[in-house]
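A quick write-up on the structure given underneath.
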Amino acid sequence: MRTLTPAGPAPIAGPGDPTPRRLLLCGVVAGPLFVVAFLVQGAFRPHYDPLRHPVSSLALGPGGWVQAVTFVVAGLLTLAFAAGLRRALHRVWGPVLVGVWGGGLVGAGLFTTDPVSGYPPGTPGLLPEYGSTHAALHDYLSLAAFVALIATCLVFAVGFARKRELGWAAYSVASGAGFTVAMALATIAFSQDPALVAHGGLYQRVAITIGWAWLTLLALRTLRRRPAGRRTAAGRPRRPS
C-alpha cells in the first residue's frame, strides 16, 4: 500500500519540462504582488488607517474592487504554485495545503467582508452579527486559509527535518509560530479589545508578511533546485547522464 509522506526537499521533477518552472514562478510573484498591493492602497486610501484596519477592509468603499482583484489574482497564482510544488516534489500534503491557502484567497476576493474598527467611516467598530452571507463566507474561507498556511509550515518543517535541513526546518516552524501569534493578536484587536484595537491592522500585516515571505522563499528554493536538463538535437529533453 502506498503511504503519504510529509512534503519537503524531496525528489525533483524530471529535467527539461518547463511547466513546473512556470508554475513555481507563480509562487515567487504571488506574495510580493499581494504585499505591495495592500501597502500602496493603505497608504493612499482616504480615512483608512493601515495600523488599525484589516487588509480585507480595502475591498470596501470606493476603489474596493482593486483589493478584491488582488485577492483573486494572488490566489490563482498560489494555486498554480501548489500545482508546481506537486509536480516538482512528488509530495501530496504540502502542495494540497498551499492550494487551500490559495483557494481561501480567491474566496476572500469573491466574498466581501463586513466593516470593522470604524471603516468605512460611519460604520460601528463591530457589527453584532454578520451583515450578509458574503461576509460570513469571507471569514470562514479566510480562517481555513490561515489554518492551512500554519499547517503547511509544519508539514514542510517535518520534511526538512527528516532530510537534516535544520535551518529550513527551524525557519518553517518559526514562520508558522510567528504567523499564528500575530494573527491571534489581530483577531483579538478586531474584536475591539481596548488594549489592541488601535494596532489590529499592524498585527495582521505582520502575520501576512511572515506567511508570504516563507512561501516566496520556498518557491525560490524549489525553483533553484530543479535541474535544468539538456536537450537533444531534435529539441526533446534528455536526462543528465
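The values are calculated or read from the model by the stated rules, or taken from the named source; none is laboratory data. Predicted model, so just to flag it, every value in this text is computed and none were measured. As a convention, Cβ positions derive from the backbone with ideal geometry for all residues, glycine included, and neighbour counts pool all protein chains shown. Accessible surface areas use protein heavy atoms only, side chains included; no ligands, DNA or RNA. Shrake-Rupley method; radii C 1.70, N 1.55, O 1.52, S 1.80 Å.
Worth pointing out:
- Taking the charge dipole of the chain about its Cα centre, with +1 at Lys and Arg Cβ atoms and -1 at Asp and Glu Cβ atoms, the residue from Leu202, Phe71, Tyr48 reaching farthest to the positive side is Phe71.
- Cα centroid separation - segment 120-154 against segment 38-60, whole Å: 16
- Sorting the segments 63-74, 95-106 by their residues' average number of neighbouring beta-carbon atoms within 10 angstrom, most packed first, yields 95-106, 63-74.
- Heavy atoms of Val40 accessible to a 1.4 Å probe, total area in Å² rounded to 10: 80
- Highest-first packing order for the peptide set 155-162, 196-203 is 155-162, 196-203, based on the mean count of other beta carbon atoms within 10 Å.
- In a fully extended conformation the segment linking Ala198 and Leu110 would gain 28.9 nm over its present Cα-Cα distance, using 0.36 nm per residue.
- Each Lys and Arg adds +1 at its Cβ and each Asp and Glu adds -1 at its Cβ; summed about the Cα centre, segment 48-171 shows a dipole of about 780 debye.
- Cα-based helix-to-principal-axis angle, 93-110 vs the chain, degrees rounded to 10: 40
- For the chain, accessible area per residue (1.4 Å probe, heavy atoms of protein chains only), Å²: 48
- Helix axis angle, 133-162 relative to the chain longest principal axis, alpha carbon, degrees: 40
- Percent RCO, i.e. relative contact order, over segment 160-211, from Cα pairs under 8 Å lying at least 6 residues apart: 34
- Leu220 paired with Val72, simple spin-label distance in nm, labels 7 Å along Cα-to-beta-carbon: 3.0
- Using only side-chain charges placed at the Cβ, +1 for Lys and Arg and -1 for Asp and Glu, the dipole size of the chain relative to its Cα centre rounds to 2000 debye.
- Among (1) 17.4, 51; (2) 19.6, 69; (3) 16.4, 49, the entry that matches Rg and Dmax of the Cα atoms in Å as calculated here: (2)
- Helix axis angle, 200-225 relative to the chain longest principal axis, alpha carbon, degrees: 10
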